[in-house]
Amino acid sequence: MGFEYLGLSEGLLSVVEKSGYTEPTPIQKQAIPGILQGLDILGIAQTGTGKTASFTLPMIDILSEGRARARMPRSLILEPTRELATQVSESFEKYGANSKLTMALLIGGVAFADQEKKLDRGVDVLIATPGRLMDHMERGKVMLNGVEILVVDEADRMLDMGFIPDVEKICKAMPQKIQSLFFSATMPKEIKQLTDQFLKNPREIQVSAPASTAKTISQFLCIIKGGEKEKRIALRHLLDTQDIKNAIIFCNRKSVVKVVSKSLSVHGYSVGELHGDMQQSIRTETLAKFKNDEIQFLVASDVAARGLDIPDVSHVFNFEIPNNPEDYVHRIGRTGRAGREGKSFTLSSPAEKKYLNFLTKFLGKDIPLYEIPSLGAKAKDIVAEKLPSPAAKEPRKKKAVAKAIEPQKTEPQKTEEKEKNDKPTTQRQGNTAVIGMGDHVPAFLLRDDTVKSKE
Ligand code: ADP
Ligand code: MG
C-alpha cells in the first residue's frame with residue numbers, strides 16, 4: 001500500500017514521491033490517518049522506523065489552513081536534543097517545500113535573534129528542546145495558548161535526560177483541546193504515567209515489541225582478552241577486515257570517546273568524535289561531515305548520538321557494553337534502518353561480563369560470537385563460569401548496581417585494597433573512572449596523554 005491511501009494532500013504526495021519514499025513504514029501507515037482525523041496518538045516504534053515523517057507529514061496538511069499569531073505558535077514539537085530538533089526542522093523544510101508554513105527552532109547553542117524575530121512574527125511550527133522552551137516561556141517570549149498540536153518525540157530519551165518534569169510543566173501549560181502525539185521507542189512506566197495524564201483516548205500504535213532490535217541487523221559479540229588497549233587493536237582489526245561504508249563507534253563515556261578517536265586518528269583512520277562536551281557548532285559540523293562521507297568513522301557517546309538520523313550507516317561498533325541495555329538497542333538501531341542491511345559488533349572485555357550478562361538477559365538471547373584471530377578469547381573463556389576473569393580478582397565496585405541487577409554469587413575477598421576502592425566509582429577517581437571496566441582501570445586510561453604515541 002502506497003502513501004496515496006493515507007489521506008494526505010496531492011501536493012504533499014508529490015513531495016513524498018520526490019523524496020524517494022515509495023511505501024509508508026508501518027508506523028506511518030497507522031499514525032498518519034489517525035493524526036489527520038485529529039486523534040491523540042501514542043506511537044511506540046523502534047528507532048529508525050520513520051516516526052519523524054509519521055507526524056511531520058500530516059501536520060503539514062493540518063497546519064496548511066489557518067494563520068499564526070505573534071508569539072503564539074500553532075504547533076509545538078519537543079525533542080530531547082538539539083540534533084534531533086534540527087533533523088525534524090529539516091524534515092519540515094523538505095516536506096513543507098510546497099507549503100507556506102513558518103517555523104522556528106529553539107535549541108541551545110545557537111544564536112537566538114533570528115528565531116526570536118520569527119517567533120514575534122508568528123510561527124506555525126515551533127521545534128524546541130524542553131529547557132530552552134521553558135526559558136522562553138518564563139521570559140514571556142512565547143505563549144502556548146495558541147497551540148493546536150503538541151508532539152513529544154523520543155519520549156524515552158527525554159526521560160533518560162531528565163526532561164520529564166519540564167515536559168510535564170509544558171503539557172500543563174497547553175490549552176485543553178489540543179491534539180497530542182507522543183512517540184517513543186520504549187515505554188517505561190514514567191512515560192506511561194505521562195501519557196495516561198495527557199493523552200485523551202489515544203490511538204495506541206505499537207509497531208513491534210518495545211526495545212526489540214531491527215531484524216535487518218546482524219549482531220556479533222567479540223570477547224576481548226585484556227582491556228582497552230586490546231580493544232583498540234581489535235577494533236582496528238575489524239575496521240580493516242569488514243566491508244565498511246561508514247560506522248559509528250559507541251563508547252560509554254566521553255573520556256573513552258576522546259581516547260578512541262584520538263587513537264584511530266593517530267593510526268590514520270578518517271575519524272570524528274561526538275560527545276556532550278563539544279560546542280554545538282562543532283557537533284553540527286562533525287555530523288555534516290559524517291553525513292557527506294568526509295568522515296568514515298564517528299566515535300560517539302550515547303547522549304550525543306541517540307536518535308540521530310544518519311540513514312546509511314553500514315556498521316555499528318560498541319567499544320563497550322552499554323551500562324543500560326536499552327542503549328544497546330538504540331545504538332545498533334543506527335544501522336539496518338528502514339529495511340537496509342546492517343552489522344553491529346560489540347566488544348566485551350572480561351571485566352564487563354556482568355553488563356554482558358545483563359544485556360543478554362534483556363535481549364532474551366545470546367549475541368552470536370565473532371572471533372578475532374589471536375585477540376578474541378575463546379568462547380569458553382567467558383562461557384565457563386569456573387575460569388576466573390581478571391575482574392573477579394579485583395575488588396568489586398558499583399556493588400549497589402550489581403545487586404540491583406542480579407544477586408552476587410561470590411563475595412569478593414576483603415582486602416585492604418577493597419576497603420580503599422569500595423567507594424562509588426565516580427568519587428574514586430573524580431570523573432576519570434571507567435564505567436563498565438570492573439575495578440581494573442588501566443593507568444593509561446586515566447592519563448590525558450594516552451594516545452600521543454602509537455601503541
Ligand atoms: P525514527 O524517528 O523512528 O528513529 P526516522 O524518522 O529518523 O526514524 O527515520 C529513519 C530513516 O528512515 C530516515 O533516514 C528516513 O529518511 C527513512 N524513512 C522514513 N520513512 C521512510 C519511508 N517511508 N521509506 C523509506 N525510508 C524512510
Ligand atoms: Mg525519531
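Charge tally around residue 278: other residues with Cβ under 12 Å, Lys/Arg +1 each, Asp/Glu -1 each, net 0. Scoring 280-287, 15-22, 153-160, 74-81 by mean Cβ neighbours within 10 Å over their residues and listing the highest first yields 74-81, 153-160, 280-287, 15-22.
If R₀ is 25 angstrom, what is the calculated FRET efficiency for the pair residue 216 and residue 135, using the beta carbon separation as r and rounding to 0.05?
Working: r = 40 Å, r/R0 = 1.62.
It comes to 0.05.
With the highest mean first, a sort of the peptides 261-268, 197-204, 362-369 on other beta-carbon atoms found within 10 angstrom per residue produces 261-268, 197-204, 362-369. Residue separation of residue 314 and residue 243 scaled by 0.36 nm, minus their Cα-Cα distance, works out to 24.7 nm of gained length.
Modelled spin-label separation between residue 177 and residue 69, with each label point placed 7 Å from Cα along the Cα-to-Cβ direction: 1.4 nm.
No value in this document is a laboratory result; all are computed from the given coordinates. Since we're looking at a predicted model, the values are computed, not measured. Please note: Cβ atoms are built from the backbone with ideal geometry, for glycine as well, and neighbour counts cover all protein chains shown.
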